[in-house]
Amino acid sequence: MRPRWRKVFSDLVDNKARTLLVVLSIAVGVFAIGVIVGAYKIIEADMGKSYAANNPANIEIRMSSFDDVFLSTLRKVDGVKQAEARRVFGVRIRPLGETQWTSINIITMQSFEENEINLLVPVSGATVPLKNEILLEQDILDEFDVSSGDTIEFQLSDETIKTIRVVGIVQDSSTDAIDFLSPPLGYISPKTLRFFKQPEDSFNRLYATVETGQDDEDHIKSVLAALKDKIEKNDYFAWRTFHSKTHEHPLESTVNAVLGILMALGILIMFLSSSLIANTLSALLNQHLRHIGVMKLLGGRDEIIFRMYLVLLLAFGLLSLLIAVPAGGQGAYALAKYVGDKMGFSLLGYRIVPLALYIQIAVGMLVPLVAGFVPVIKGSKVTVQKALSGDLARESGEQAEKGAERESRTERFQLKLTRLLVDRGIRIPRPLLISLRNTFRQRNRLILTLFTLTMGGAIFVSVFNVRVSLRNYVQVVGNYFLADVTIGFAKPYRLNEVEQFALTDPRVASVEGWAFASAEILDVDGSNADNMDILAPPAESKLVSPLLVEGRWIQKTDVKKIAISESIYHTYPDLKAGDKILIKINGREEYWEVVGIFKFVGMEGTIAYAPYEYISREQNMANRSSSYRILSNNHDRSHQDILAKDIDLYFRENGFQVTDTTPGLSMMDDASESLDILIAFLLIMAMLTATVGSMGLAGTMSMNVLERTREIGIMRAIGATDFEIIRMVLVEGLLIGIISFGLSIILAIPFTYLLSTIVSYATFETPIAVVFTPTGYFIWLGLVVILSVLASVIPARNAARLTIREVLAYE
Amino acid sequence: MTQENEKPLIELNKVVKNYTTEAGVFPALKGIDLHIQRGEFLGIIGKSGAGKSTLLNMFTGVDQITSGEVIIHANGKSVTLHEMSENELALWRGRTMGVIYQSFQLLPMLTLVQNVMMPMDMSGLYHPRKSRERALELLEMVELSEHAHKLPTYISGGQQQRVAIARALANDPPLLVADEPTGSLDSVTADHIFQLFENLVESGRTVVMVTHDKGLMPRFSRHVEIVDGELIAPSPSGRRLGWGQEGIK
Amino acid sequence: MTDRSQPQLASLSEKPLIEMQQIVKTFVNAAGEFTALRGIDLTLNEGEFVAIIGKSGSGKSTLLNMLTGIDHPSTGKVIVKGVDVYAMSESKRSLWRGRNLGIVFQFFQLLPMLNLLENVMLPMDYVGMYGIDERPKKAMELLRMVGLEEHAQKLPRAVSTGQQQSAAIARALSTDAPIIVADEPTGNLDSRSASHIIDLFDELSSRGKTIVMVTHDPSMTKRTSRTVVISDGILVNETIAQALPLLSQALMKELSEKVEKIHFQPSETILRSKESVEKFFMIAKGKVDIILQGRRKEDLVISQLSANDFFGEIELIRGGKSIASVRAAADEPVELLAISREDFGWLMKESPLTEKAIGNIVQKRLEEKKQADRRKKRKLLGR
């Protein structure tokens, strides 16, 4: 090997700690990019494919009970390829010996063997349940532990408790794919229906696929319209319809939006790590000045030196790729798998994503080049005199010739400040003064360190703020569901009857019976635009406190008037209060007036409110309801849980057919939980940036200590103990940490706004109000203090360990 | 070539070097005129701070000149040092002179033979394979061939300085410049190194050495003394013969 | 350590302050072993201004490092003010050093981020000397003493190197340590600044501080009260170093191994006139009288020689008998170092400078003797 390459090689190998620091800091960024790009591509490909693999229904219609005969009629509708009928009903289950019930939806398949739509993927145990056996979807595992062969208890709406054997766990990535908040699913054969006291040979859901144009939304919609038409013409009632493409998971755009946010953070991390590299490289070049001087003295020209260090940079890049590419590949798969599990789709197996690989290689090679370019150019252009003077002038004793220099502006400022403080009687002890001034000595290095650490901190704090903002938003949304307990019955009961029973419990303050209706919003041309759920609380309900964007809330006397959620803007972007829209309700097309528009979570279709007084009359259910909201004086979660249980029991004991009782906030919790997944991702990214930041700090501190070994020797010589030396370094590290914390506080404000806007658009399709929380600030303060101490403790200990001879000896 | 031989190897004409600082202008060299002939073993003697290293930096071209000129007639070319760019200078220097420092300045991560090969690698005067052979020969000359594949830290100071000399000879330069080459060595080792320089002068090379050690004076073929940036005439020995404790009362 | 606040009174009492016993320092590296110090015994007394001189590589800085506790001896002990320096941990030694030794370095003297005043205060902070409000005053006094009062608020970089060294001395004094140790304090300075620094040391020495200074410049020895020469890890006999300063240090070292010690009682005769002389003598301790003996036993003292002087050279160079008698002075015993004729001849051959210088002395002394003879004659005649 030529001596110059030999030198480059040694530079790489000899100082392993430094090489590791540089390589790791490149690798962190490349890893983050690799994970996100890889996961993005894997999810993009597998989400659709695995979704399509189970032959998902293009059309789902929830309708009134129908039978085999009508099913065959529907199968004949034009464009329909396959159609299957199922019966879906809710029960509550729990493992034996548990007290907590979990609501699930049970799907009855006509035949597990012949089933063609929404295929089940076996996870463990059997795939075909026999009589009085049940399969469970793997989501149930989030609620409690169960495996095939176990026996569980279930409870029907009439209070009956029975047991049933679980024979298998399956994955169903199609049913309810659109709604990742839907309850877990169970599957039984028609022979088991009687066991659940359900009517046999009767279905309430239709799943269908289309013949052609499986990914053509308009075509699917037209087939759906034809089916609905058929249903209504035969006096059946379709109260809810869904449609989706075969090769696109219904939640794909949401997932992509989340990944997009993560991508932005990944790029940020890349930036931070490149500033870290620039830092380390310029320190390295500084340490190498003498070598550069010697090489130039021996005839080395700028180009040769430049090329040598360029190769060193590329080597750093290559090494980091060796770490980051495999780790990134694994990380990408793990992330994709996590998302897949949460969203209910499976992956097609581990693989390296070529695009991610290319991007990683490009980034891994470019970042060190870009970050190191300036230091390397500077280093290779340095004159021999300058390169050797730091070292040689001292040794040959010619320093005196240089004479005195003037202090820099910063130094003069520091001196003046110290004097000013002394004049005020504030005396900073010299050891502390040393730490303070040392902090500002390497200005560029300090700026880069602060930059990375501050960014890490700001993102960290912002993530907490965003988390609270999202929760707060969910809370606001919760204002539409204020009830402490919601109780549902299998059939309508009279309002005053339910009220009477409920009020016997002293904890109950008031009871409201609500009505519901489904409708479709129609485009001006009469085509189906969107589903709309109409909730009908009493107009004076205390349980809804809407956030009106426009117009007014519902009134008792309203007829054919609704207050509608913001998502109406998707269909009618220019809608104003007072306008009329065409809706299809109870099979009739009618113009209803929009009296107000309110904010709501835009996740699932459009929601509208109309007064109970009008809707119940229309449904011939005046003064009756099957869904009641109970308000208590105490809104604690635990109180609500107990109350729900007691009310549930009380109504059942009194002969009411209760289907479900929900404590008020549990729905919110589910919503928050799914947001927490997103928050968790954001936190992981925040931790990564914090890691890069503290790596930067650790690097800076060890460089600082390394460059000041001589000074440490002097301090030792004039009486500094180990404690003094360690304290000096620690205080400097802490100071940098605290400064960065101060800056993070400020920077976190715009970051929070930016991040929460992006996140809320991605998830709710509407901006949310930003809320700040001290939690993130406190945690980050604690973290930054710990990180700073950790980052300086090793350099500090090394500094204390240096003997004076090592640093001052020159004999 | 014949014409070249009539000229001195190095001409320093009215060389002035000032360091400008906030405190004012500090004159380090106050108009030095010095001609160095081929084959000379010139000692530049001065105390710390007298300006001797600055003077050395003037004809290695390592430092900028304030006024005056340094002309070097070597390798068939006459070169006015401070008219060259830093880059040209680097290549020229590598081919024309070997520089030896008190602190050896070996690259710590390279073995001895690689250190000696470095100037040849940089100047491109020798083919890589040839340069290795030559480096080994040079190490043999300084009696270090058995250590050729060791790192500098694993040999003694005197041995390191011998390697530095071998490295200075790598491109076969006509001129060797040494800045206190024996400064950090014990007396016996220092003497060996000095003998090495004497042998090199005998074999026809020109050596310029900077030192503060007046005891070396008789061993140079010529010496000049520098005091506060000026050359003073060679003094007869015993100028400072103070007999402070002389006891005749 | 306890009465450090009391400034030491000037006294040249022979009280050992620093004792180095059989110090050996061997550096081991991959290149092999290198013994920098080969068994050094050295006692320094309170109030002395000692120069340790030696060339680069002689071991002088290593010796200093042994004294300051900066480096460990391989074997041997260093006792400073009764404290065994190497029985302490490195960290404790640091504190001890801060209180007992003021160290002045050749390079990197001051901390670059502190102004001169703060630099001087730093050791006080480290060892907890004086009250926190008193420190600036004390430091300012010290800076005034070294003439840097007006520069107190400047960073080291903004003053000349000579001033930096002065400030470093002020710092060395800041904890009122009884011992000042300086490693080549003038090595980095132009001659004027150097002489200013030595003046400072002089003054400190007169105030009772013990000063140990390492230098490679033999001319510095003129200003010190004692000179210790080290060569290749061995201390050169101090008498030789003082008596024959023009010898190279290597020769001094070699000579140290050749000399013979001879003791004489007060008034004991060392050499008789006309006796043949086979040795060259240097006076290590005490005084000798040079006497011209009259016929009637009327002795005429023509000269008195004291420590570090020599005699016997005339006879060795010119061959011949002693031209005068030499007797130990009456008040104290005398210790002499003797060199054989052979060795003396070797020495003259090895060191032409010394030969020449001694030649000059011979001339002078012969001249003086001639005059004395004349005086004696005149005296005789006049009577």
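Quick notes on this structure:
- Counting the residues of segment A:279-294 that are out of contact with any helix residue (DSSP H, G or I) (no Cβ under 6 Å at 6 or more places or on another chain) and within 8 Å of chain B (Cβ to nearest Cβ) gives 2.
- Total residues in segment C:138-162, condition within 12 Å of chain A (Cβ to nearest Cβ) and under 23 Å from C:Ala51 (Cβ atoms): 2
- Highlighted here are the strands (runs of 3 or more DSSP E) found entirely within segment C:274-383 that include at least 2 residues which are of a type in the set (A, V, I, L, M, F, W, C) and within 14 Å of chain B (Cβ to nearest Cβ): C:279-285, C:288-293, C:299-305, C:334-340.
- The number of residues in segment B:1-31 being more than 14 Å from chain A (Cβ to nearest Cβ) and either under 17 Å from the mean Cα position of the chain (by Cα) or at pLDDT below 85 (or both) comes to 12.
The rows are residues; the columns are (1) farther than 15 Å from C:Leu305 by Cα; (2) under 26 Å from the mean Cα position of the chain (by Cα).
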position	(1), (2)
C:Glu332	no, yes
C:Arg341	yes, no
C:Gly345	yes, no
C:Lys349	yes, no
C:Thr354	yes, yes
C:Ile358	yes, yes
C:Lys364	no, no
C:Lys370	yes, no
C:Asp373	yes, no
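- Summed over segment A:282-328, the residues that are of a type in the set (Asp, Glu) and open to solvent by less than 10 Å² (accessible area, probe 1.4 Å) give a count of 0.
- Of the residues in segment A:501-514, not one is open to solvent by less than 10 Å² (accessible area, probe 1.4 Å), within 26 Å of A:Ile768 (Cα to Cα), touching a helix residue (DSSP H, G or I) at 6+ places or on another chain (Cβ under 6 Å) and more than 14 Å from chain C (Cβ to nearest Cβ).
- Selection from segment C:286-340 of residues that are without any contact (Cβ under 8 Å) to a residue 60 or more places away in the chain, farther than 20 Å from C:Glu257 by Cα and of a type in the set (D, E, K, R): C:Lys287, C:Asp289, C:Arg295, C:Arg296, C:Lys297, C:Glu298, C:Asp299, C:Glu315, C:Arg318, C:Lys321
- Positions within segment B:127-159 being in a loop (DSSP other than H, G, I, E, B), touching a residue at least 24 places away in the same chain (Cβ under 8 Å) and open to solvent by 60 Å² or more (accessible area, probe 1.4 Å), in sequence order: B:His149, B:Lys150
- Residue within segment A:742-762 that is more than 26 Å from C:Ser91 (Cβ to Cβ), buried (at least 19 other Cβ atoms within 10 Å of the Cβ), touching a Leu at 6+ places or on another chain (Cβ under 9 Å) and not hydroxyl-bearing (Ser, Thr, Tyr) present: yes
- Residue within segment A:576-597 that is of a type in the set (Phe, Trp, Tyr) and buried (at least 20 other Cβ atoms within 10 Å of the Cβ) present: yes
- Subset of segment B:32-61 (residues that are assigned to a loop (DSSP other than H, G, I, E, B), open to solvent by 10 Å² or more (accessible area, probe 1.4 Å) and within 14 Å of chain A (Cβ to nearest Cβ)): B:Lys47, B:Ser48, B:Gly49
- Verdict on B:Leu196 being open to solvent by 20 Å² or more (accessible area, probe 1.4 Å), more than 8 Å from every other protein chain (Cβ to nearest Cβ) and closer than 29 Å to B:Leu91 by Cβ: yes
Results for (1) buried (at least 20 other Cβ atoms within 10 Å of the Cβ); (2) within 9 Å of another protein chain (Cβ to nearest Cβ); (3) modelled with pLDDT of 80 or more; (4) over 45 Å from the mean Cα position of the chain (by Cα), shown as yes or no for each residue.
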| position | (1), (2), (3), (4) |
| --- | --- |
| A:Arg394 | no, yes, no, yes |
| A:Glu401 | yes, yes, no, yes |
| A:Leu433 | yes, yes, yes, no |
| A:Arg437 | yes, yes, yes, no |
| A:Arg445 | yes, no, yes, no |
| A:Met455 | yes, no, yes, no |
| A:Ile459 | yes, no, yes, no |
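- From C:Pro112, C:Pro178, C:Pro123, C:Pro185, residue being surrounded by fewer than 22 Cβ atoms within 10 Å (Cβ to Cβ), touching a helix residue (DSSP H, G or I) at 6+ places or on another chain (Cβ under 8 Å) and either facing chain A (nearest Cβ under 8 Å) or in contact (Cβ under 8 Å) with a residue 12 or more places away in the chain (or both): C:Pro112
- For segment C:354-383, taking the residues that are among the aliphatic types (A, V, I, L, M) and surrounded by 17 or more Cβ atoms within 10 Å (Cβ to Cβ), the one that is farthest from C:Leu271 (Cα to Cα) is identified as C:Ala357.
- When restricted to residues that are facing another protein chain (nearest Cβ under 8 Å) and either open to solvent by less than 10 Å² (accessible area, probe 1.4 Å) or outside any loop (DSSP other than H, G, I, E, B) (or both), segment B:107-120 contains 7.
- Residue in segment B:160-187 that is nearest to C:Ile230 (Cα to Cα), counting only those that are without any contact (Cβ under 8 Å) to a residue 60 or more places away in the chain and of a type in the set (D, E, K, R): B:Asp186
- Residue within segment A:315-324 that is within 30 Å of A:Leu675 (Cα to Cα) and at pLDDT 85 or above present: yes
- Some residue of segment C:254-271 being assigned to a helix (DSSP H, G or I), of a type in the set (A, V, I, L, M, F, W, C) and within 30 Å of C:Gly54 (Cβ to Cβ): yes
- Among the residues listed as A:Ser625, A:Ser616, the single one being assigned to a strand (DSSP E or B) and surrounded by 22 or more Cβ atoms within 10 Å (Cβ to Cβ): A:Ser625
- Residue list for segment A:186-236, filter: more than 22 Å from A:Glu589 (Cα to Cα), in contact with a helix residue (DSSP H, G or I) (Cβ under 8 Å, 6 or more places away or on another chain) and of a type outside the set (Gly, Ala, Ser): A:Ile188, A:Pro199, A:Glu200, A:Asp201, A:Phe203, A:Leu206, A:Val210, A:Thr212, A:Gln214
- Qualifying residue in segment A:558-565 (condition: among the small types (Gly, Ala, Ser), open to solvent by less than 20 Å² (accessible area, probe 1.4 Å) and modelled with pLDDT of 80 or more): yes
- Selection of segment C:198-219 for residues being of a type in the set (A, V, I, L, M, F, W, C) and either assigned to a helix (DSSP H, G or I) or under 15 Å from C:Ala170 (Cα atoms) (or both) yields C:Ile198, C:Leu200, C:Phe201, C:Leu204, C:Ile211.
- Consider segment B:70-106 and keep the residues that are within 22 Å of B:Pro152 (Cβ to Cβ) and β-branched (Val, Ile, Thr). The one that is surrounded by the most Cβ atoms within 10 Å (Cβ to Cβ) is B:Val99.
The values are calculated or read from the model by the stated rules, or taken from the named source; none is laboratory data. Since this is a predicted model, take the numbers as computed values, not measurements. Note: ideal-geometry Cβ built from the backbone for every residue, glycine included; neighbour counts use all protein chains shown. These accessible areas exclude ligands, DNA and RNA; they are computed on the full protein's heavy atoms, side chains included. Shrake-Rupley method; radii C 1.70, N 1.55, O 1.52, S 1.80 Å.
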